[in-house]
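Beneath this line is the structure, given in structure tokens, with notes to follow.
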Amino acid sequence: MQGAGVSNLCVCICVSVLLRSAISQPPTESDTYTECTDGYHWDPQTEHCKDINECATIPDACKGEMKCFNHYGGYLCLPRSASVIPAPEPPIAPTEPFNPCPLGYEPQGDSCVDVDECERDEHDCQPSQQCINTLGAFTCQCPDGYRKVGTECIDIDECRYRYCQHRCVNVPGSFSCQCEPGFQLAGNNRSCIDVNECDMGAPCSQRCYNTYGTFLCRCDLGYELGPDGFACNDIDECSYSSYQCQYQCVNEPGKFSCVCPEGYQLLGTRLCQDINECETGEHQCTETQTCVNIHGRYQCVDSNRCQDPYIQVSENRCVCPVSKPACRDLPFSIVHRYMTITSERSVPSDIFQIQATSVSPGAYNTFRIRSGDENGDFYIRQINNISAMLVLARAVSGPREYTLDLEMVSVNPLLSFHGSSALRLSIYVGPYTF
């Protein structure tokens, strides 16, 4: 009996679902149908097949220490320590009228017509699904972007199929394409095209150059790109070198300019050149004065600079007549000359050459600085018997003025002559090195 119970158990478990459905189904042929499958008996009161409790009807259904547990269509022999949670009795479905038509159809007169389960709401589609009626049945269709797995609609990850050129973002039921910075979606919403940031208000302060996926800011001449890569900052060229300009450098936005001191004018872009006021007529010397141009300015000197006992014999030349006793120890003639030099001139430097205008045969000439060089800033280097060179011995700074009497002493033994002549040289030292 125990073995038979196990055999019945296998049969009953395999067909339990069908049996449960069968319980709720009415007879299919006539009201007098009373046949049931093994393990069930006909219940005239309910007119349904009812499970037989073999544990109550079969004496000693289980042997030994085994305990009998009733089961639909059979029974189970389990250890006495086992416990079974009985399934609730299936509800008794109301008796439905006999339908001679196939499943999904219903009789209409002498024929069978399709039942629209979707319209009658007799389907089991999920709320997110669409019920579509078919002949004798129905189907549940998922929305676009979903696929059906079992009874559920699962989102399709379109990004797996690489629809987008750059980045794909999957969303429930759909997807969207996104582009990297510097690009924008094309008309097909999938490809990415370069954005011309320069035409869209790129933050470049001066010049903008579009490149693939980005842009570059560049600056005009005289500016440099700031740390942020957008702003252009003025370059202070004057701070780079003190040699940008000969005198003074003035920084300006995007450039620089050189300026010169008063009395000078710009030569080219960086050098300074003295303005010769005597030639341009920008002086205020009178008719009795001579305009002498010097570095950065001019000097008005009297046209007649001869002092007693000298008398003027020609322009810039004075002589001391031998008939005057006061002329005995003085140079016979004095010629006035003027020159200008720059400050901090390299030394030693030849600055003025003295040349005898007339020499008698047999005369010997020597040259010397008679006066005006108390600090020893100059010396004479004799070249030959008729010429000598005035040399600047030490660097001097201006503005400063020297008046040197350069004397040529002549001795002629043949004529028993001893005399001298002088050149009174006014040297103006300019205030600058140019």
| note | In segment 357-381, anything free of Cβ contacts under 8 Å to residues at least 40 places away in the same chain, assigned to a strand (DSSP E or B) and either open to solvent by 60 Å² or more (accessible area, probe 1.4 Å) or farther than 30 Å from R345 by Cα (or both) is listed as Y379, R381
| request: Would you mention how many residues in segment 33-71 are in a loop (DSSP other than H, G, I, E, B) and of a type outside the set (V, I, T)? | output: 16
| request: Within segment 393-403, track down each residue that is under 60 Å from the mean Cα position of the chain (by Cα) and either outside the structural domain of Y338 (by the TED database) or assigned to a strand (DSSP E or B) (or both). | output: R400
| request: Look through E119, E89 and report the one residue that is modelled with pLDDT under 90 and more than 60 Å from the chain's Cα centre (by Cα). | output: E89
| message | Suppose we filter segment 175-196 for residues that are closer than 21 Å to T211 by Cβ and outside any loop (DSSP other than H, G, I, E, B); how many remain? | response | 7
| said: Suppose we filter segment 404-434 for residues that are assigned to a strand (DSSP E or B), of a type in the set (A, V, I, L, M, F, W, C) and closer than 16 Å to S358 by Cα; how many remain? | reply: 6
| task | Tell me, yes or no, whether segment 134-150 has at least one residue that is of a type in the set (A, V, I, L, M, F, W, C), open to solvent by less than 60 Å² (accessible area, probe 1.4 Å) and within 34 Å of the chain's Cα centre (by Cα). | result | no
| task | Run I275 past the list (1) open to solvent by 80 Å² or more (accessible area, probe 1.4 Å); (2) farther than 30 Å from Q206 by Cβ and report the number of the one that doesn't hold. | result | (1)
| task | Look at R218 and say whether it is open to solvent by 60 Å² or more (accessible area, probe 1.4 Å), under 12 Å from the mean Cα position of the chain (by Cα) and of a type in the set (K, R). | result | yes
| said: Conditions first: (1) at pLDDT below 95; (2) more than 30 Å from P261 (Cα to Cα). G398 passes all but one, so which condition is the exception? | reply: (2)
| message | Can you find, within segment 51-63, the residue that is farthest from F98 (Cα to Cα) among those that are open to solvent by 60 Å² or more (accessible area, probe 1.4 Å) and in contact (Cβ under 8 Å) with a residue 12 or more places away in the chain? | response | K63
| remark: Note on D38: of the conditions (1) surrounded by 10 or more Cβ atoms within 10 Å (Cβ to Cβ); (2) at pLDDT below 65; (3) farther than 30 Å from P107 by Cα, unmet is (2)
| request: Could you please tell me which pairs satisfy a Cβ distance under 6 Å, a separation of 6+ or placement on different chains, a first residue in segment 243-261 that is over 19 Å from S343 (Cα atoms) and open to solvent by 50 Å² or more (accessible area, probe 1.4 Å), and a second residue that is in a loop (DSSP other than H, G, I, E, B) and of a type outside the set (K, R)? | output: N251/D236; K255/G222
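Yes/no per residue for (1) touching a residue at least 24 places away in the same chain (Cβ under 8 Å); (2) exposed (fewer than 12 other Cβ atoms within 10 Å of the Cβ); (3) in contact with a helix residue (DSSP H, G or I) (Cβ under 6 Å, 6 or more places away or on another chain):
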residue	(1), (2), (3)
G173	yes, no, no
C179	no, no, no
N189	no, yes, no
C192	yes, no, no
Q206	yes, no, no
T214	yes, no, no
G226	no, no, no
G229	no, yes, no
I235	no, no, no
| Pairs where the first residue, in segment 400-416, is β-branched (V, I, T) and the second is open to solvent by less than 60 Å² (accessible area, probe 1.4 Å), C-beta under 6 Å, 6+ apart | T403/G372; T403/S426; V409/S420
| query | What are the residues in segment 299-333 that are of a type in the set (A, V, I, L, M, F, W, C) and either more than 16 Å from E407 (Cα to Cα) or not assigned by the TED database to the domain that holds R370 (or both), if any? | reply | C300, V301, C306, I311, V313, V322, A326
| query | Which of the residues spanning segment 154-168 are open to solvent by less than 50 Å² (accessible area, probe 1.4 Å) and either at pLDDT below 90 or touching a Gly at 6+ places or on another chain (Cβ under 7 Å) (or both)? | reply | D155, I156, E158
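The values are calculated or read from the model by the stated rules, or taken from the named source; none is laboratory data. All values derive from a computational prediction rather than experimental measurement. Glycine also receives a Cβ, built like all others from the backbone with ideal geometry; neighbour counts cover every protein chain displayed. Just so you know, the surface numbers come from the protein's heavy atoms only, side chains and all, with ligands and any DNA or RNA stripped out. Shrake-Rupley method; radii C 1.70, N 1.55, O 1.52, S 1.80 Å.
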